[in-house]
Every structure is written in structure tokens, then in C-alpha cells.
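S.K.: Below are the C-alpha cells for one structure; questions will follow.
The values are calculated or read from the model by the stated rules, or taken from the named source; none is laboratory data. From a predicted model like this one, the values you see are computed outputs, not experimental measurements. Positions of Cβ are backbone-derived with ideal geometry, glycine not excepted, and every protein chain shown enters the neighbour counts. Side chains are part of the model used for accessible areas, which takes the heavy atoms of the whole protein and leaves out ligands, DNA and RNA. Shrake-Rupley method; radii C 1.70, N 1.55, O 1.52, S 1.80 Å.
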Amino acid sequence: MAEPAVEAENLTRRFGRFTAVDHISFKVNKGEIFGFLGANGAGKTTTIRMLCGLLLPTEGQARVAGFDVYTAYEKIKMHIGYMSQKFSLYEDLTVRENIQFYGGLYGLSRGEIKRKTEELVTYLGLSDQIDQLTSDLPLGWKQRMALSAAILHDPPIIFLDEPTSGVDPASRRDFWLLIYRLAEAGKTIFVTTHYMDEAEYCHRLSIMKDGRIVELDAPAVLKERYGKTTMQDVFLEVVNQRGEIK
């Protein structure tokens, strides 16, 4: 059986007396679009930061691309793409200059950067914006640009933390078409979102509540389990349930 792209067992992170992530366990298969849902403060971003090698767990185990999060976090960083909630590229550089800058950070040669720049601007539809200042781009195009920086080094696993937040519906749809194309090319996509219509696009998804995973399955299975027709209704049912969390 193939090794999972991402796996966690009893992964936990505490900040003082506060437990942000509480003994969560899951596996993400290679080539899967895995959705991570939860209200603000549920622990989604903290989980992603641990899996990306940006934050050490308090306890538990996790492996990403076969590498241990405790001992090989620098190798993890070279095998993943990470797009954060907040736009993190340089507004006073052009699209081309930002891509060149991040290519240098990933250790790509000048020839590789030139080739990847040409590939990415075509793939993401940025050809007409390549020499525009980033500050002049609409948010939807900025998100495409941030995605280009995240996948510049051709990583097998891509973490997207609320990548379409604040983007108009048409741009969100276009962005998800790009996500599907990446998955079809064999990339593993780990994505958080507040938009329940986007959750429908995932192969599987988990729902976090108070730092713990309370549901994990395919959208169709979850809708059948709760007798609902949309993931919005499933999500509200799950997060509003009282009693002991699974």
C-alpha cells in the first residue's frame, strides 16, 4: 500500500494552558484534495503550520512527504508548497520579479527560473500581467500569483490556507479549476476554506471543533450520514452539536 502524502497520529499543540490542536489523527492520500473545515479558532491554521514545519508539535506524530515533522522539517519545506491566508508576496515588485525572487529562495538556477516562469504564467493565465506591479492587480489575480510562488519548485504536496478568502465568486471558481488541474497532475492538495460550496469539491474533508477532528469522510457520505443536501447544513449540524466530541 502506498505511503500517505500526509499522516498525523495524536498530533497536539498547546500554548501554555490552551490546547489549540488536541490529539488529531488522519491520513491524506497522494493526489487527493483534502478539505480542512472549522470555525475560526478551531485549530486549522495551527495544524497546517505544524505540518509545514513552521511550528513544532507539543506531542504526537506526523509525517509529510515521508519526512518527520520533528527531525526533518527543512526537508519538508522543500517538498511542499504553502499559500498562507494573507497575501505574502511583494507589492512593489512585478509578477515576474516576485517569481524570480521566490525561485532564488528555492535554490533554482537562472535557467530553471526562466523556464518555470514561462510555464507558470501560461498555466495560471498570468501572461498579460507578468510585468505589472503586484499592487496593481485585482485580488483574484494576486491569489493566482501567490499560487505560482507556492508551486514554483514543483512540490508534490500543496497546502492552501483559505486561498480564496475575500475573492469574488467567479475568481473562486477559476481558482478551484486550477486546484483540480494540479490534483489531476498528481499533486496532493490540503486546503482550508470557510466556503461550504468549495467543500463539495474535495475528495474528502474533515471538520474541526475545539481543536479536535469531529468528522472525516467524503462530502457525499457526510451529507447522507446527517440527512442533509448541502455541506453548509452538515457543517452547521456538526459544529452546533452538544455533548462529547468524538
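S.K.: Just to confirm the filter: which GluC sites (Glu not before Pro) across the range 172-246 are DSSP coil and have at most 14 other Cβ within 10 angstrom of their Cβ?
M.R.: Listed in order of number, the matching sites are 244.
S.K.: Continuing with this model, one more query. Equivalent-ellipsoid semi-axes (√(5λ), Cα gyration tensor) for the chain, whole Å, largest first?
M.R.: Ellipsoid semi-axes (Å, largest first): 31, 21, 16.
S.K.: Treat every Asp and Glu Cβ in the chain as -1 and every Lys and Arg Cβ as +1, leave all other atoms uncharged, and give the resulting dipole magnitude about the Cα centre to the nearest 20 debye.
M.R.: 460
S.K.: Could you tell me the accessible area of residue 13 in Å² (1.4 Å probe, neighbours in place), rounded to the nearest ten?
M.R.: Estimated to the nearest 10 Å², residue 13 gives 50 Å².
S.K.: Here is a follow-up. Could you please report the charge total around residue 234, scoring K, R as +1 and D, E as -1 over all other residues with beta-carbon less than 11 angstrom from its beta-carbon?
M.R.: In short, -3.
S.K.: I've got another one for you. Check every DSSP H run in the chain and write down those whose alpha carbon atoms cover 18 angstrom or more along the long axis and whose mean Kyte-Doolittle hydropathy is -0.5 or greater.
M.R.: 169-184
S.K.: Related question: So for the range 126-246, what are the equivalent ellipsoid semi-axes in whole Å, largest first, each being the square root of 5 times an eigenvalue of the Cα gyration tensor?
M.R.: 31, 15, 13
S.K.: Note down the magnitude of the dipole of the range 1-91 about its Cα centre, charges +1 on Lys and Arg C-beta and -1 on Asp and Glu C-beta and zero elsewhere, to the nearest 20 debye.
M.R.: Here the range 1-91 has a charge dipole of around 220 debye.
S.K.: Still on this structure, please answer the following. Compute the distance in nm between two label points, each set 7 Å from the Cα along the Cα-to-Cβ direction, one at residue 3 and one at residue 229.
M.R.: 4.6
S.K.: Tell me the accessible surface of residue 113 in square angstrom (1.4 angstrom probe, heavy atoms of protein chains only), to the nearest ten.
M.R.: The value for residue 113 is about 20 Å².
S.K.: Between residue 33 and residues 5 or more places away or on another chain, which pairs have amide H atoms under 5 Å apart, with H built 1.01 Å from N, and which residues are they?
M.R.: 189, 203, 204
S.K.: Quick one: dipole size for the range 46-145, taken about the Cα centre, charges +1 on Lys/Arg Cβ and -1 on Asp/Glu Cβ, in debye to the nearest 20.
M.R.: The dipole of the range 46-145 has a size of about 260 debye.
S.K.: Using a 1.4 Å probe on the protein heavy atoms only, what accessible surface does residue 27 show? Give it in Å² to the nearest 10.
M.R.: Here the accessible area works out near 110 Å².
S.K.: Also, quick follow-up: Which percent, to the nearest 5, of DSSP beta bridges fully inside the chain are antiparallel?
M.R.: Restricted to the chain, the bridges split so that about 55 percent are antiparallel.
S.K.: Full-extension gain between residue 130 and residue 19, please, as 0.36 nm times their residue separation minus the C-alpha to C-alpha distance.
M.R.: Contour length minus the Cα-Cα distance gives 35.6 nm.
S.K.: Take the alpha carbon atoms of the range 86-128, find their center, do the same for the range 184-206, and report the distance between the two centers in whole angstrom.
M.R.: When both Cα centres are located, 25 Å separates them.
S.K.: I've got another one for you. Mind checking the full-extension length gain between residue 86 and residue 203? Use 0.36 nm per residue of separation minus the Cα-Cα distance, one decimal, nm.
M.R.: 39.6 nm
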